[in-house]
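First the structure, in the form of structure tokens, and then the observations on it.
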Amino acid sequence: MSAVGSKLEGARMMYPGTLVEALGLLENEGTRGILLAGGTDLMVQWEAGVRAAPERIIDLSGVGELKEIRAVGDRLFIGAGVTHRMLRESAVIQRGFPALAAAAATVGGRQIQAMGTLGGSLANASPAGDIAPSLLVADTKVVVASAKGERTVGLEAFLIDYRKIDLRDGELIVGVEVATLKEGEKEQWRKLGPRAAQAISKVMGTYRGKYEGGRVVSFAVALGSVAPKAIRLPDVEAFVVGREIDRKTLEEAEALTSSLVKPISDIRSTASYRSWVSGRLVRGFLEHLRE
Amino acid sequence: MVNGEERTVEFPPARRLLDVLREDLRLTGTKEGCGEGECGACTVLVNGETVVSCLMAAGQVRDGAEIMTVEGLERSEGGRLLQRMYQEKGAAQCGFCIPGMIVSSYAYLRRGESLSDQTMRDAHAGNICRCTGYEKIMEAVAAAAERWPRSELAKTESES
């Protein structure tokens, strides 16, 4: 029970209207604060005491630049403030990155989707976050900025470890740049949880690949909730590329996946179930690719 | 604006919207279930979109924003229709989820999405009923949809 007068009562809030203003507040010691976007993770963590209640909060919800989705050459820029709802409903995302739209549609329910953001999901860096696996198969670069300038870092390097990301003091996540689905490529997002909505994943993942002339031309696959962070499976990818997707390939890819992932047991699932189902997921992805 | 009335209230900016509604504005129709965004009992509308008020800092609601809580339902024809249909179909069991549930119903019908099992369930997916009385709730929403007043359809973005 949280009564009024709880942990956040003393916090001061600041409301930048532009990215430059937000970076200025972050730069200045007197106004530096914790960045708040949709609040769907932070508000819970603050109230539960998992994270210390902040003295100052910089509310990013009024920064329009962070809510943009736009083409950059043949890639897409997606702002950190884009909500799951926007990801789900954007025609550009549905066409160019359908797995991401599908993933966003499985986060929480309508309310959480309207509030939570892509940048918030990356910053929270939960291994069970539903956004990172799809981004991992799309050659994603994370754009971060401070008052001193911008830098770009590949998502695999950005996700350092369990709840640890490559974001330094004074920096915020501006957005991500992703490769869109190319001609002939297919992709799919799948999530296993106890129910369809309002459930945190037991295991989930995304693949993007191309199958042509009876051979796997390309195959990228990423899973979540099986390691301290969302991961690609390079050994499985290398194994299937160049092969025909037949019974033998499916069985071997499934077994290889199950043997490679090293999940843990927790309140949501067991290590052995997660290993087994990871193999089944990858097998399902290959079947989908072949269809 | 809260339920169509301009309200001025002072609060620490990071106080949860739920607490400002219940404690500062004494609108106790909105319930706190889990307090962590899982159950949807505290659902209200901010500028027409459903949010869980337990996870929103009240300071994130901009001046001039429109908030609608369950108390605002009876001010509108659609809201009164929904209340009647919820009663008629016996949609409430223990009733604790209903203030949030019916706000999600109202938002859904105002959006005017094509009525289907899929869209109806998706619109209420963030509201959990622990009596598991979902069937009657869906029946009530479907019944309200049949005679939903045109004047209660939200303007689409191109119109506004």
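Considering every residue within region B:92-106, establish whether at least one is surrounded by 22 or more Cβ atoms within 10 Å (Cβ to Cβ), free of Cβ contacts under 8 Å to residues at least 40 places away in the same chain and more than 23 Å from A:Val107 (Cβ to Cβ).
Yes, region B:92-106 has at least one match.
Which condition from (1) over 21 Å from A:Leu159 (Cβ atoms); (2) surrounded by 20 or more Cβ atoms within 10 Å (Cβ to Cβ) is the one that A:Ser272 breaks?
The failed condition is (2).
Looking at (1) within 14 Å of another protein chain (Cβ to nearest Cβ); (2) touching a helix residue (DSSP H, G or I) at 6+ places or on another chain (Cβ under 7 Å), which is the only condition A:Ala48 fails?
(2)
Restricting attention to region A:59-78, does a residue exist that is surrounded by fewer than 20 Cβ atoms within 10 Å (Cβ to Cβ) and within 24 Å of B:Pro12 (Cα to Cα)? First the steps, then the outcome.
So in region A:59-78, the residues surrounded by fewer than 20 Cβ atoms within 10 Å (Cβ to Cβ) come out as A:62, A:64-65, A:67-75, A:77.
In the following step, the residues that additionally are within 24 Å of B:Pro12 (Cα to Cα) were identified as A:62.
Yes, region A:59-78 contains a residue that is surrounded by fewer than 20 Cβ atoms within 10 Å (Cβ to Cβ) and within 24 Å of B:Pro12 (Cα to Cα).
Looking at region A:107-125, which of its residues are within 14 Å of chain B (Cβ to nearest Cβ) and in contact with a Lys or Arg (Cβ under 8 Å, 6 or more places away or on another chain)?
Answer for region A:107-125, where residues must be within 14 Å of chain B (Cβ to nearest Cβ) and in contact with a Lys or Arg (Cβ under 8 Å, 6 or more places away or on another chain): A:Arg110, A:Gln113, A:Ala114, A:Asn124.
Can you find, within region B:78-124, the residue that is farthest from B:Lys136 (Cα to Cα) among those that are within 14 Å of chain A (Cβ to nearest Cβ) and part of a loop (DSSP other than H, G, I, E, B)?
The qualifying residue farthest from B:Lys136 (Cα to Cα) is B:Glu113.
Does B:Arg75 satisfy being basic (Lys, Arg), more than 11 Å from chain A (Cβ to nearest Cβ), surrounded by fewer than 21 Cβ atoms within 10 Å (Cβ to Cβ) and touching a residue at least 60 places away in the same chain (Cβ under 8 Å)?
Values: basic (Lys, Arg): yes; more than 11 Å from chain A (Cβ to nearest Cβ): yes; surrounded by fewer than 21 Cβ atoms within 10 Å (Cβ to Cβ): yes; touching a residue at least 60 places away in the same chain (Cβ under 8 Å): yes.
Yes.
Counting only residues that are out of contact with any strand residue (DSSP E or B) (no Cβ under 9 Å at 6 or more places or on another chain) and within 11 Å of chain B (Cβ to nearest Cβ), which one in region A:28-45 is surrounded by the fewest Cβ atoms within 10 Å (Cβ to Cβ)?
Only one residue tops the list, namely A:Gln45.
Out of region A:194-214, which residues are closer than 14 Å to A:Val226 by Cβ and in contact with a Leu (Cβ under 6 Å, 6 or more places away or on another chain)?
Applying the first criterion (closer than 14 Å to A:Val226 by Cβ) to region A:194-214 yields A:200-206.
Of everything in region A:194-214, those that are closer than 14 Å to A:Val226 by Cβ and in contact with a Leu (Cβ under 6 Å, 6 or more places away or on another chain) turn out to be A:Lys202, A:Val203, A:Gly205.
Looking at B:Ala123, B:Ala142 in this structure, which one is within 20 Å of A:Gln198 (Cβ to Cβ) and either basic (Lys, Arg) or surrounded by fewer than 24 Cβ atoms within 10 Å (Cβ to Cβ) (or both)? Write out each step before concluding.
Working: B:Ala142 fails: within 20 Å of A:Gln198 (Cβ to Cβ).
Only one candidate passes the filter, namely B:Ala123.
Here, each number is a calculation from the coordinates, and none is a lab measurement. This one's a predicted model, so the numbers in the text were calculated from it and none came from an experiment. Methodologically, a virtual Cβ is constructed for each residue, glycine included, from the backbone with ideal geometry; neighbour enumeration extends over all protein chains shown.
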